[in-house]
Amino acid sequence: MRVPVALTGKRLDGYLAALTRAGASVIVPAITDDPGAVLDEVGALVLGGGPDVDPARYGQDRHPETYGADDATDRFDIALLEGALDRGLPVLAICRGLQVLNVAFGGSLHQHIPEAPGVEPHGRPGPGGHALAHRVAVEPDSLLAATFGATEVRASCHHHQSVARVGAGLRVVARGADGIVEGLEAADAWILAVQWHPEDTAPTDRQQQALFDAVVARARV
């Protein structure tokens, strides 16, 4: 029996393949759907990658490099996230998903990290973008490390924003060599949140596939 999982985001083929390998039956809701009704039909939530979160949500003006921000999409994703947490559903948040999580918990974002001194390249997001693989260090006492069975992984990134102020109740559990936040967890909920794109390498990297396996295994049935 396949476990129903809700998935949001853009360019979904990689997510769909990874979740299917993990044993999920994937539902991709439209932003016009009722979030509560969607969540009543699934056992877990995966917030995937996509455009930037509207910086007005964390009290900033829009940077010239911030792209694709859409209030309706932000509202829908945050409503799904809050509803999933209220129901005790496990959440896997990827790239934009991690940023949605952080903002929903009252955190903020660096809108364009290539401008920051000492920040290494993290790929390029959006249409025409490209991925860049790099090493990520993971806290040993984290759910993320337990999922990987390791405290260092090779991650495929394509993002130009990152966590600035960490949201209340969230903990940083992974960073790149340059200090950029690459993983978050919550104190009182089952959440795996990564800034990179595990779906890129999950077909051949068991550690990255393990993220999808874990959320499906934890799903409410």
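Side notes on the structure shown:
- Selection from region 139-155 of residues that are in a strand (DSSP E or B) and either touching a Pro at 6+ places or on another chain (Cβ under 6 Å) or open to solvent by less than 10 Å² (accessible area, probe 1.4 Å) (or both): 153, 155
Quick grid of which residues meet (1) closer than 23 Å to residue 210 by Cα; (2) buried (at least 22 other Cβ atoms within 10 Å of the Cβ); (3) at pLDDT 95 or above; (4) out of contact with any Asp or Glu (no Cβ under 6 Å at 6 or more places or on another chain):
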residue	(1), (2), (3), (4)
85	yes, no, yes, yes
88	yes, no, yes, yes
93	yes, yes, yes, yes
109	no, yes, yes, yes
117	no, no, no, yes
125	no, yes, no, yes
128	no, no, no, yes
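- Residue among 97, 88 that alone is out of contact with any Ser or Thr (no Cβ under 8 Å at 6 or more places or on another chain) and not charged (D, E, K, R): 88
- Here residue 135 meets the list (1) surrounded by fewer than 15 Cβ atoms within 10 Å (Cβ to Cβ); (2) within 25 Å of residue 103 (Cβ to Cβ) almost entirely, failing just condition (2).
- Taken as a whole, region 194-202 holds at least one residue that is closer than 19 Å to residue 108 by Cα and touching a Leu at 6+ places or on another chain (Cβ under 8 Å).
- The residue of region 165-192 that is farthest from residue 144 (Cα to Cα), among those that are assigned to a strand (DSSP E or B) and among the acidic types (Asp, Glu), is 182.
- Scanning region 20-72 for residues that are open to solvent by 30 Å² or more (accessible area, probe 1.4 Å) and aromatic (Phe, Trp, Tyr) gives a single hit, 67.
- Selection of first residues in region 60-77 that are among the hydroxyl-bearing types (Ser, Thr, Tyr) and of second residues that are open to solvent by 40 Å² or more (accessible area, probe 1.4 Å) and in a loop (DSSP other than H, G, I, E, B), restricted to Cβ pairs under 6 Å at least 6 apart or on distinct chains, gives the following pairs, ordered by first then second residue: 73/31.
- Region 137-175, residues that are more than 16 Å from residue 53 (Cβ to Cβ) and either polar (S, T, N, Q) or in contact with a Phe, Trp or Tyr (Cβ under 7 Å, 6 or more places away or on another chain) (or both): 138, 142, 147, 151, 155, 156, 157, 168, 169
- Residue list for region 1-59, filter: part of a loop (DSSP other than H, G, I, E, B), farther than 30 Å from residue 111 by Cα and touching a residue at least 40 places away in the same chain (Cβ under 8 Å): 1, 22, 23, 42, 43
- Residue ID - least open to solvent (accessible area, probe 1.4 Å), chosen from residues in region 157-183 that are over 14 Å from the mean Cα position of the chain (by Cα) and of a type in the set (A, V, I, L, M): 180
- Any hit, region 201-216, residues being surrounded by 13 or more Cβ atoms within 10 Å (Cβ to Cβ), modelled with pLDDT of 90 or more and touching an Asp or Glu at 6+ places or on another chain (Cβ under 6 Å): no
The values are calculated or read from the model by the stated rules, or taken from the named source; none is laboratory data. As the structure is a prediction and not an experimental result, all values here were calculated from the model. Because the Cβ atoms are built from the backbone with ideal geometry, glycine has one as well, and the counts that use them run over all protein chains shown. Accessible surface is based on the protein model in full, side chains and every heavy atom, while ligands, DNA and RNA are left aside. Shrake-Rupley method; radii C 1.70, N 1.55, O 1.52, S 1.80 Å.
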